[in-house]
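One structure is given below, encoded as structure tokens.
The values are calculated or read from the model by the stated rules, or taken from the named source; none is laboratory data. Note that this is a predicted model, so its numbers are computed, not measured. Reconstructed Cβ throughout: ideal geometry from the backbone, glycine too, with neighbour counts over all protein chains shown. Accessible surface areas use protein heavy atoms only, side chains included; no ligands, DNA or RNA. Shrake-Rupley method; radii C 1.70, N 1.55, O 1.52, S 1.80 Å.
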Amino acid sequence: MAARMKDIASDLGVSLMTVSKALRNHSDISEVTRKRVLKRARELGYQPDFVARSLAMRRTYMVGLVIPDLMHSFFAEVAKGAASRLEPQGYQIVISNSEENAETEARQIAALLARKVDGLIIASAQPTGRAEPFRRLRASKAKFVLVDRLPPGLNAHYVGCDDEVIGEMATEHLVKLGRRRIAHLRGPEIRTGVGRLQGYLRVLERRKIGAPAQCVVRAAASDSTGYEAMRQLLRVEPLPDAVFAYNDPVAAGAIRATLDAGLGVPDDIAIIGSGNVHYSDLLRVPLSTIDQNSHCIGETAAELLMKCIESKVPLKPEQVFITPRVVVRESTRRNRVSDD
């Protein structure tokens, strides 16, 4: 007969509730007791009955994670961070890939809710200003936390960085190198793309540096679009001497296009991205970037979602902004410094 929680409790002389909490890594249980319970559970070959627990608790212990790009290591790190907090508490994560498509995202959210997930973590592909889907989601009493992307004017749980600050930090870094013809490979019409563009423009205005329209080129979010967008920039006269790319994949494509054109990075054109993805330091020219601490975003979002799930009343929306930092590598090596 399969081992039961009551068998573990009887063997150790503790209550059934103590065993339950220890198996769920509950904070009420001491580390010594937790280790005793887990050791005895392994010895008995105990396997939790998730169906019975779901029926008893009226919860599925499943969390949906909706992200726009499974191949982007930024979102992979968000997922790892979320898992590091959710899985020890007994939650299973169901990951959906929206392919940066708002309609696909809406269908995936509906499917996850139909599976009775306890909550959702969403990096949304909805266009800037389109907050209505999340207002409807909140009205349905679904528990969710947005990460990385927050539609303007939406009062919802959110964890991420301020994208205007990211744009400002990246552009200011290039200005301090002495660069004055600074271009931007901008992202899609979502909050991250719009915010980073606004931060870029704000620094140029503050520094009284011109920003010709041809120096802002749409590059979507991938290395291939970054490559093609950079080729377009390389036809601009005078040639830009620096580029702030919407994210690291776009920046990687920009570096490849610049080198293919026979130009040097950073000597001819300094390039900085955003995201600090895993391969950024392994490129032909290691990439300077804005580190958004994606693992921390995932951890914090998971903790916030669990608070929402555990609470018997709706929680006031909480927005947590993670502080980004500049990571300097060879693509913006300091060869000229300005204090203007």
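Here are the numbers:
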| read-out | value |
| --- | --- |
| Close pairs from the range 315-340: first more than 22 Å from residue 178 (Cα to Cα), partner at pLDDT 95 or above and not in a loop (DSSP other than H, G, I, E, B), Cβ under 6 Å, at least 6 apart | 315/308; 319/158; 320/159; 320/300; 322/296; 322/297; 324/166; 324/290 |
| Pick from the range 107-130, criterion among the basic types (Lys, Arg) and in contact (Cβ under 8 Å) with a residue 12 or more places away in the chain, ranking: surrounded by the most Cβ atoms within 10 Å (Cβ to Cβ) | 130 |
| Any hit, the range 292-313, residues being in contact with a Ser or Thr (Cβ under 9 Å, 6 or more places away or on another chain), at pLDDT below 95 and open to solvent by 20 Å² or more (accessible area, probe 1.4 Å) | no |
| Of all residues in the range 149-167 being buried (at least 22 other Cβ atoms within 10 Å of the Cβ) and farther than 18 Å from residue 118 by Cα, the one that is farthest from the chain's Cα centre (by Cα) | 167 |
| Residue match in the range 131-138 (condition: open to solvent by less than 70 Å² (accessible area, probe 1.4 Å), assigned to a loop (DSSP other than H, G, I, E, B) and closer than 28 Å to residue 290 by Cβ) | yes |
| Residue count, the range 200-227 (criterion: part of a loop (DSSP other than H, G, I, E, B), modelled with pLDDT of 90 or more and under 21 Å from the mean Cα position of the chain (by Cα)) | 1 |
| Selected residue (only one of 174, 146, 197 is assigned to a strand (DSSP E or B), touching a Phe, Trp or Tyr at 6+ places or on another chain (Cβ under 9 Å) and either within 26 Å of residue 333 (Cβ to Cβ) or open to solvent by less than 10 Å² (accessible area, probe 1.4 Å) (or both)) | 146 |
| Only one of 265, 320 that is at pLDDT 95 or above and either closer than 24 Å to residue 158 by Cβ or of a type in the set (S, T, N, Q) (or both) | 320 |
| Whichever residue in the range 237-254 is among the charged types (D, E, K, R) and surrounded by 19 or more Cβ atoms within 10 Å (Cβ to Cβ) and, among such residues, is farthest from residue 186 (Cα to Cα) | 241 |
| The range 255-270 - residue that is among the aliphatic types (A, V, I, L, M) and farther than 15 Å from residue 330 by Cβ and, of those, most open to solvent (accessible area, probe 1.4 Å) | 261 |
| Within the range 88-106, considering residues that are in a helix (DSSP H, G or I) and surrounded by 13 or more Cβ atoms within 10 Å (Cβ to Cβ), the one modelled with the lowest pLDDT | 89 |
| Subset of the range 23-44 [within 23 Å of residue 92 (Cβ to Cβ), open to solvent by less than 100 Å² (accessible area, probe 1.4 Å) and modelled with pLDDT of 85 or more] | 29, 34, 37, 38, 41, 44 |
| Cross-chain or 6+ apart pairs with Cβ under 6 Å, the range 1-27 first and farther than 25 Å from residue 86 by Cβ, then β-branched (Val, Ile, Thr) | 9/19 |
| Residue in the range 225-236 that is of a type in the set (A, V, I, L, M, F, W, C), open to solvent by 30 Å² or more (accessible area, probe 1.4 Å) and in contact (Cβ under 8 Å) with a residue 12 or more places away in the chain present | yes |
| Filter result for residue 285 (under 23 Å from residue 165 (Cα atoms), of a type in the set (A, V, I, L, M) and either open to solvent by 70 Å² or more (accessible area, probe 1.4 Å) or modelled with pLDDT of 90 or more (or both)) | no |
